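Every number here is computed from the coordinates shown, using simple stated rules; none is lab data. Please read these numbers as outputs of a predicted model, since none were measured by experiment. All Cβ positions, even for glycine, are placed from backbone atoms using ideal geometry, and neighbour counts span all protein chains on display.
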Amino acid sequence: MKGESEDLFSKYIQEDLIDCGGCGNVFSGFRIRDHFPNRNGNRIPTEVAIMQKLPQDTAGSAAHVQLLDWYHLFFQVLLVLERPVHCTDLFRYCRSKSKHVLEEDKAEAIMKQLIEEVKVFDNEGIFHQDLKLENILINTNSEEPQIWVIDFGVGCFYTKRSVYRVFQGAPQHVPPEYNLRGRYTAGPMTVWQLGVVLYDMLHKEKFETVPFLLKEQRIKEDLPKPDDTEGDAGSPVAPQIYKILFLQDGSKAAFLQAAGAVFQSKYKEMYMIGRGGFGDVFAGSRIKDNLPVAIKHIPQRNIYSKLRDRDGNRIPTEVALMLKLTLKKAGSAAHVQLLDWYDLFNQVILVLERPVPSVDLFRYCRYRSKHILGEDQAKAIMKQLIVEVKFIDNKGIFHRDLKLENILIKTNSEEPQIWVIDFGVGCFYTKRSVYRVFQGTPQHVPPEYNSRGRYRAGPTTVWQLGVVLFEMLHDEDFSTIPFLLNKMLMNKYLSAECLDFLDGCLKIFPMERKTLEELQFHPWLNQKTSIFSLFGN
């Protein structure tokens, strides 16, 4: 280690600034004595250690610029590097061509040298981390391309077990697995970056990970593809792009469902509209058409169960349920539909249909003058709700938390229109399924869980429908224990048919409750309702 700047300038002459980067500035210069490299064995900055680890043969014999000397001063570290003359970086070299791209055979020659050099790095346990056109020099005075890799500023030493959780390198070239899982390894990322270099040599536009994965950037159609049977199908260059630029860790479909960068490119998030025990919900819009959406953020730690999809991937149960309920046309069902979803490193993001204007049924009721709905309006809502719950039931889905807060209602319609939301504690079930851990709102627990410690989907769903109806027609929040103790009484001014419907839902013993089919054909729901009575309160 040398500590005096006088020693530097007594041996080297600094000339013009030739490049500026995030890690420092680079000047042209030469060694006064003989212009040849020297070496210094000090291992302080990682960049110095890496460059000393690389083969230090005669300058110019390797495809990387060599470290000639270095100085650790009080306020900075100075590296003296080999500077090949008659050269420029590969980005400027490509952009100096008439079409801003290279011929395929020249790109092939460069890739051959680059891969050989990267293998040298790999054999020495060195991970460059930022391979790109700007970090490759090319000789401009030679018929055959000659390259040098430069700038090991974010490089490091690695082993086969090394895993990286903080991304270093050009952000636009981030490997997909980092967005997907928050980590990456040296080998697959280096191969990804080689693909980026090759892509940038053969395309006028600069490569970016997200547009490429969204297919907004495409590989040139006139390049031979791996399965071409005509023309130069054996070309070693174009197939490299297809073989190199693929997701090293998971399928492209999985990444498109999960990458945070993709989400940000498609949706605009605005203000919070809901907060629950499992996550937060924000109003938002889809950028391409301003479609209103609800964006639900669920921390990974709050996802209580996952299922395997057809491809063997583990996905949150809530996602699996909503995919099962997906219809071709948004707005055609009485539940909000899942439009998109992203499985990120620390959270899952659901992009949901957001009916506008709408409000949850709890607020809708409490906005009324007496904080309750008229019987006819409650009847119209229950008709829709039972049809929707039967649809959900036919899919083998148990919502488990039907309540006013989980039902949206349109606020500018003459006739009530509803949507069921929040399948966060839902599950798939069969007729034999018995549950011993209660999921849902504790105040609405069915009596059989308190008495026997277990419950089933059908009777519990009917109980919850009764709770919904009770709260629409009474200015108090339902709670199971006070109700069973007769401390919560049904409104005696309700019609006999309505009271019979309520009683059929809220029987203490599950086998005595009505079924969904019996509720659907109950006389109360099939009485004629005057349109004028829907807005009586």
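With all distinct Cα pairs included, what does the Kirkwood hydrodynamic radius of segment 358-527 come out to in Å, to one decimal, could you say? Kindly include the intermediate steps, with their values, before the conclusion.
Details: mean 1/r = 0.0618 Å⁻¹.
16.2 Å is the Kirkwood radius here.
Over the Cα atoms of segment 311-401, each weighted equally, I'd like the Debye log10 I(q)/I(0) at q = 0.17 Å⁻¹, rounded to two decimals. After summing over all Cα pairs, the log10 values are -0.92.
Taking every eigenvalue of the Cα gyration tensor of segment 87-220, multiplying by 5 and rooting it, what semi-axes result, largest first, whole Å? Can you show the working numbers first?
Details: eigenvalues 123, 73, 25 Å².
In descending order the semi-axes read 25, 19, 11 Å.
Ratio to report: Rg/Rh of segment 428-476, with Cα atoms as the point set and Rh obtained by the Kirkwood method; give two decimals.
Working: Rg = 11.7 Å, Rh = 11.7 Å.
Radius of gyration over Kirkwood radius for segment 428-476 works out to 1.01.
Dipole magnitude of segment 358-527 about its Cα centre, charges +1 at Lys/Arg Cβ and -1 at Asp/Glu Cβ only, in debye to the nearest 20? All intermediate terms of the calculation are to be shown ahead of the outcome.
Working: 22 positive and 21 negative charges, 127 e Å.
Computed about the Cα centre, the dipole is about 600 debye.
Take each peptide in 194-203, 267-276, count the other Cβ atoms within 10 Å of every residue, and average; sorted highest first, the result is 194-203, 267-276.
How big is the dipole moment of segment 424-490 about its Cα centre under a simple scheme where the beta carbon of each Lys and Arg is +1, that of each Asp and Glu is -1, and everything else is neutral? Debye, nearest 20, please.
Details: 7 positive and 5 negative charges, 125 e Å.
For segment 424-490, the charge dipole is close to 600 debye.
Put simply, when 302-315, 435-448 are sorted by average Cβ atoms within 10 angstrom per residue, most first, you get 435-448, 302-315. Every Cα-Cα pair in segment 271-327 was counted, and those over 18 Å apart are 49% of them. Under a model in which nothing but the beta-carbon of Lys, Arg (+1) and Asp, Glu (-1) is charged, segment 321-436 shows a dipole of about 360 debye around its Cα centre.
Taking the centroid of alpha carbons for each part, segment 50-106 and segment 453-527 are 78 Å apart. Mark the label point 7 Å from the Cα of residue 120 along Cα→Cβ and return the residues of segment 130-174 whose backbone N is within less than 15 Å of it. Residues 136-139, 146-152 qualify, since their backbone N sits under 15 Å from the label point.
Size descriptor for segment 446-537, Kirkwood hydrodynamic radius: 14.1 Å (Cα pairs only, one decimal).
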